[in-house]
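All remarks here apply to the structure that follows.
Nothing in this text is a laboratory measurement; each read-out follows from the coordinates by a stated rule. Given the structure is predicted, the values throughout are model-derived calculations rather than measurements. Every residue, glycine among them, receives a Cβ derived from its backbone with ideal geometry; neighbour counts consider all protein chains shown.
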Amino acid sequence: MWSKLERWRPTVYMLVEYYFSDVNLATTDHLMRYINNDPDGYVPISVVVSFKKIKALISSNSQLASLLRNSAKLVVSEDGKKVRRQHPLTESDMEELQSRIIVAENLPEDHCHQNLMKIFSAVGSVKTIRTCQPQTSNGGAISSSRTVKAEGMLFSNKLHAFVEYESIELAEKAVAELNDEGNWRNGLKVRLLLRRTGKSAQVRVKKVGHEGETNCKEDDASTSELKQPNEKHLEDRSQHTNVQSNELAVSPIGHFLIYICFFQWLLFETEKGPPVHKI
């Protein structure tokens, strides 16, 4: 068993270290909820083991804890029940990082790392590019219409990428120069991940998150497959709200039919004349 684990050790390192990486924590919020709730920034090992790709390689919490003790980027607690980053991200670090990231949609058909790097580095130095594939529904089909809304942000279930620039100024320049204004329907759309006010004060955006795993790629290597737990919850709430709205709302055609029925009834009553009372 341990020989198998030793064989998968580099893969486990790559996956878990990616989950705790700057770009993943900056663009998802699942692990950040645990990090923010722990005074030392730890995440339960059981949470990491529950991720799909980790679960396929690791059979217990203790096995993962033993493997991660040798990681140069992660720290395992003494009892082996929790794991955290070697160098935690402060709130100011996170805001600065998110301010350097843009969200790009309507990517070109050839969206390999090399081509995307060519497009986005035209305005300046790019540190990382994380491409996210559409999420699938429970039936396995891709739902391109599904969206996840958050304060000031909108993540569609389309192919999109997170691009991290070297500076905030370069990210703002990318938004100003790379948007395809001439093709508003299918052209490249670029926006800041974290918007700032006119006074340049950074506004922390609460993201409705991906779990620790998504259908995303950082650079050219596939990293994680993160399902978005909150998306289904939001979608169910949205569908429930729509059903209620449809029950209460009457369409214009419905109003028209009501008017027709009313006039037919009025015409019928008029033709009948006044009621006749027998003496």
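Restricted to Cα atoms, the range 2-85 shows a radius of gyration and a Dmax of 12.0, 36 angstrom. Of the GluC sites (Glu not before Pro) found in the range 1-94, those in coil by DSSP whose Cβ has at most 12 other Cβ atoms within 10 Å are E78. Restricting the range 40-75 to trypsin sites (Lys or Arg not before Pro) that sit in a DSSP loop and have at most 12 other Cβ atoms within 10 Å of their own Cβ leaves R69. Compared with the alpha-carbon gap, the fully stretched path from E109 to S167 is longer by 18.1 nm at 0.36 nm per residue.
Expected output is a single nm value to one decimal: the length gained when fully extending between N37 and R9, i.e. 0.36 nm times separation in residues minus the C-alpha distance. What is it?
In short, 7.2 nm is gained.
What pairs in K73/K189; K81/K158; K82/K158; K127/K173; K82/K127; K81/K127 have C-alpha atoms more than 26 Å from each other?
Numbers: K73/K189 34 Å; K81/K158 36 Å; K82/K158 34 Å; K127/K173 15 Å; K82/K127 29 Å; K81/K127 33 Å.
Correct reply: K73/K189; K81/K158; K82/K158; K82/K127; K81/K127.
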